[in-house]
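The values are calculated or read from the model by the stated rules, or taken from the named source; none is laboratory data. What you see is a predicted model, and the numbers here were worked out from it, not measured in a lab. Neighbour counts run over all protein chains shown; Cβ positions are idealised from the backbone, glycine included. For the accessible areas, the whole protein counts, side chains as well, though only heavy atoms, and no ligand, DNA or RNA atoms are used. Shrake-Rupley method; radii C 1.70, N 1.55, O 1.52, S 1.80 Å.
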Amino acid sequence: MQMVLADTDHRFGKHTHEQFGVGLILRGAQKSASQCGMVEAIAGDIITVNPEEVHDGAPLGDGGRSWQMLYLDVAVVQAMVADLNETGPQARMEFSQPQRRDSALTRIFRRHAQAITRPRSDWALPGDESLLLLLQALLRPACAKPHHADLNAIDRAKSWIDEQPAHAWSLAELAREADLSRFQFIRHFDRATGLTPHAYILQRRIHLARQMIRQGGSLRDVAASCGFADQSHMTRQFVRSFGLSPGAYSRGISSL
């Protein structure tokens, strides 16, 4: 679980997160691509993003915008879903609305943010309670995706990339392993993930880099280990996705 506070006029490129994200716009407004198309959110709105959901973000108007965002590991949400269902996990769940204008939800989020930013020795029950109420209001059963041979091939390709994101993948290699032409592979991959194969590989490398930085790796070693051409290449991709440099991220982790 991680709470992030941001105030910026940065325009984020298309990217993904490995966690569920739920947050609150505190000031200003923004527009962003989502699984539901382009959405706009203003101060007081709840915003959400699912794991691996392709999205971006840009300010609306002058002065940027600020938000507070809670990121939850998939395992944490699954455990919460088991509690919500009472009989254990059932259907795969997701956030179905990337933007909600609901004063009651906003109050719950503020209560949760206040609870989890207290000293760790404080009572944990208010945070657990508010998070359950928040997820209960936002989560819905995920829509089933069609399964056919081409999607299975794309799933296999994604697994290969996920297992070896630093590998110097070629389009011909991936298409051959998926038993598709290069054009078919690009088309089906983009349709299934919202990203081209190249953009997907960069996202996997960025997530691996962030993990290694959290573990204390030097930026030069992380860049090399994750398959980037050099540290500058990693920095550009990191800023594009997360709005801050790997160095700033490392310093923020060290200060916690």
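Residue separation of Arg176 and Gln164 scaled by 0.36 nm, minus their Cα-Cα distance, works out to 2.6 nm of gained length. Here the range 1-20 is scanned for amide nitrogen atoms under 20 Å from the site 7 Å beyond the Cα of Met38 along Cα-to-Cβ, giving 9-16.
Classified by the C-alpha gyration tensor, the range 1-71 has an oblate form. Its axis ratio a/c, with a ≥ b ≥ c, is 1.5 or above, and a/b does not exceed b/c. Only helices enter this figure: runs of n ≥ 4 DSSP H residues, each worth -39500 (n - 2.57), summed and divided by the residues of the chain, yield -14500 deg cm²/dmol at 222 nm to the nearest 500. Debye-formula intensities of the range 1-134, expressed as log10 I(q)/I(0) at q = 0.13, 0.16 Å⁻¹, are -0.56, -0.84 (one equal scatterer per alpha-carbon, no solvent).
Relative to the Cα centre, the charge distribution of the chain, modelled as +1 at Lys and Arg Cβ and -1 at Asp and Glu Cβ, gives a dipole magnitude of about 500 debye. The residue among Ala137, Ser66, His17 whose Cα reaches farthest toward the positive pole of the charge dipole of the range 12-142, with charges on the beta-carbon of Lys, Arg, Asp and Glu, is Ser66. Here r is the Cβ-Cβ distance between Ala248 and Arg118 and R0 is 30 Å; the resulting FRET efficiency, rounded to 0.05, is 0.70. The candidates Ser250, Ser241, arranged from most to least accessible area with a 1.4 Å probe in the full protein assembly, appear as Ser250, Ser241. For volume of the Cα convex hull per residue in Å³, pick the label among (i) 123; (ii) 155; (iii) 140 that corresponds to the value derived from the coordinates. Given (i) 123; (ii) 155; (iii) 140, the calculated one carries the label (iii). The Cβ shell under 10 Å around Ile42 holds other residues with a net charge of +1, Lys and Arg each +1, Asp and Glu each -1. Rounded if a/c is under 1.5, else prolate if a/b beats b/c, else oblate: with a ≥ b ≥ c from the C-alpha gyration tensor eigenvalues square-rooted, which is the range 33-108? Prolate, since a/c reaches 1.5 and a/b exceeds b/c. Ligands, DNA and RNA left out, the 1.4 Å accessible surface of the chain is 50% carbon and sulfur atoms.
Only protein heavy atoms count here; under a 1.4 Å probe, Glu163 has an accessible surface of about 140 Å². Across the options Pro246, His207, Ser232, the greatest Cα extent toward the positive end of the charge dipole of the range 191-253 (unit charges at beta carbon of Lys, Arg, Asp, Glu) belongs to His207. Annotation note: trypsin sites (Lys or Arg not before Pro) in the range 30-92 located in DSSP loop regions with a Cβ neighbour count of at most 15 within 10 Å are Arg92.
Since only Thr8, Ile161, Val77 are under comparison, the one whose Cα sits farthest along the positive direction of the charge dipole of the chain, derived from C-beta charges on Lys, Arg, Asp and Glu, is Thr8.
Per-residue extension of 0.36 nm, minus the Cα-Cα distance of Thr8 and Asn85, leaves a gain of 23.9 nm for this segment. With all protein chains present, calculate the accessible area of Ser34 using a 1.4 Å probe and round the result to the nearest 10 Å². So the heavy atoms of Ser34 present about 20 Å² to solvent.
In the complete set of protein chains, residue-level accessible area for Glu52 is approximately 80 Å², probe 1.4 angstrom.
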